[in-house]
Amino acid sequence: MQAEQKIVQYLNEAHAHEIGLTRVLQAQIAMTPRGDYRSAAEQHLEETRQQAERIEQRLGELGEGDNPLQVGLGLLETVVAQGLAFAKTPIDLVRGTGGEEKVLKNAKDAASTEMHEIVTYDALERLARVTGDTKTAELAARNRAEEERFLARIRELLPALTDDVVRADIDGEHSFDATTTGAADAVRGAARSARRTTRRTTRTATRRTREQAKEAGTTARRTARQARRVPGVTQVEGEAKGAVASEGDLPIARYDSLKADEVVSRLTGLSQVDLGKVDAYERKNQNRSTVLERVQGLRGDEPWTGYDDQSVSDVTGRLADADAGLRRRVLEYERAHKDRAGVLRAAGRQTTNA
């Protein structure tokens, strides 16, 4: 029985790693243009999900649910892994001097993570074989083989990714295209879906009631927002838009004629998407350090996914059941970005009452 409990412990550890890696890969795909590295990451993301499912199935076969202590430890390890992954995502989004270096550093991090997972499965397989658990040993070997293949692929791509950084940061020949990142592709896909929904609504408008048409429009908008649920997509979406934007597309009027301090004074209150748009446009055109530094200082995670799109009533409704930590995050974010009196009153009142 002790051997089985130890195997369950190691399986929980491996599962936590896979869940954490899922979040990291999603974020990396969101900020990576189409190409060899993104294709490899997308393939391994699917493998990682399958690995986690195999572990969950094995834990169920071993009766993990009958041991409250093991269940608690497993949940704790998963929460910690997810927390580390989400904490790392905003750092990934701004690391490096340019897009090429972000991709290279993310690939290096992925290689390091793969090594950690490989040795985790080494230990799990050895433990399982020594204790006679052939099924767990085979699971560990299978998962490890997939990790090893992805690590080998990353190492194959590192020279080319490094060459991209040299050409961009030393020779001035940039190849990073924000309009082809996973986030940009997801946004375009959602927009196409929304347009299709709108066209269907228009074609059938004569046969539908006004309430039905309204419902279809809501579905289209929901579809467009769905892409933003990918970790990292909100901030990268703005960069993708800014890379191809004209002055008239920016959230700040007469942008090109404004001095740096005038732009800075107008940044507070912008959403994460708009900040990303300004960041990409500024880098492509005037590239003023004062503006870029202030933008980076304001960029960060929304209190929850889709926050920037929500109305005052939506936010205050969510705050009704929020804990003290979330209310504080809303207050801090709202003061820095939206500054909506209704939200500030609700969050401040509930924080005081707590």
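The values are calculated or read from the model by the stated rules, or taken from the named source; none is laboratory data. Note that the structure is predicted; figures quoted are calculated from it, not measured. Cβ sites come from the backbone with ideal geometry, for glycine too, and all protein chains shown count toward neighbours.
Computed quantities for the displayed model
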{"item": "Residue selected from the range 92-122 under the condition modelled with pLDDT under 90 and aliphatic (A, V, I, L, M), by the criterion nearest to the chain's Cα centre (by Cα)", "result": "Leu93"}
{"item": "Whichever residue in the range 334-344 is touching a residue at least 40 places away in the same chain (Cβ under 8 Å) and surrounded by fewer than 17 Cβ atoms within 10 Å (Cβ to Cβ) and, among such residues, is farthest from Gly276 (Cα to Cα)", "result": "Asp339"}
{"item": "Every residue from the range 148-169 that is closer than 22 Å to Gly98 by Cα and in contact (Cβ under 8 Å) with a residue 12 or more places away in the chain", "result": "Ile154, Arg155, Leu157, Leu158, Ala160, Leu161, Thr162, Asp164, Val165, Arg167, Ala168, Asp169"}
{"item": "Top-ranked residue of the range 247-280 - restricted to ones that are at pLDDT below 90 and small (Gly, Ala, Ser), ranked as farthest from Thr179 (Cα to Cα)", "result": "Gly269"}
{"item": "Residue in the range 270-292 that is nearest to the chain's Cα centre (by Cα), counting only those that are hydrophobic (A, V, I, L, M, F, W, C) and surrounded by 20 or more Cβ atoms within 10 Å (Cβ to Cβ)", "result": "Val273"}
{"item": "Answer from Arg294, Arg318 - the residue that is closer than 21 Å to Leu267 by Cβ and either in the same structural domain as Leu258 (by TED's automatic domain parsing) or part of a helix (DSSP H, G or I) (or both)", "result": "Arg294"}
{"item": "Positions within the range 297-333 being closer than 30 Å to Ser257 by Cβ and exposed (fewer than 13 other Cβ atoms within 10 Å of the Cβ), in sequence order", "result": "Gly297"}
{"item": "Qualifying residue in the range 39-57 (condition: under 30 Å from Arg299 (Cβ atoms), in the same structural domain as Thr22 (by TED's automatic domain parsing) and modelled with pLDDT under 90)", "result": "no"}
{"item": "Residue check, Gly276 at negative phi, in a helix (DSSP H, G or I) and out of contact with any helix residue (DSSP H, G or I) (no Cβ under 7 Å at 6 or more places or on another chain)", "result": "no"}
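Each row is one residue, and each column tells you yes or no for (1) at pLDDT 95 or above; (2) part of a helix (DSSP H, G or I); (3) under 26 Å from Glu18 (Cβ atoms); (4) among the acidic types (Asp, Glu).
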| position | (1), (2), (3), (4) |
| --- | --- |
| Leu124 | yes, yes, yes, no |
| Asn143 | yes, yes, yes, no |
| Phe150 | yes, yes, yes, no |
| Asp163 | yes, yes, no, yes |
| Ala184 | no, yes, no, no |
| Val187 | no, yes, no, no |
| Ala194 | no, yes, no, no |
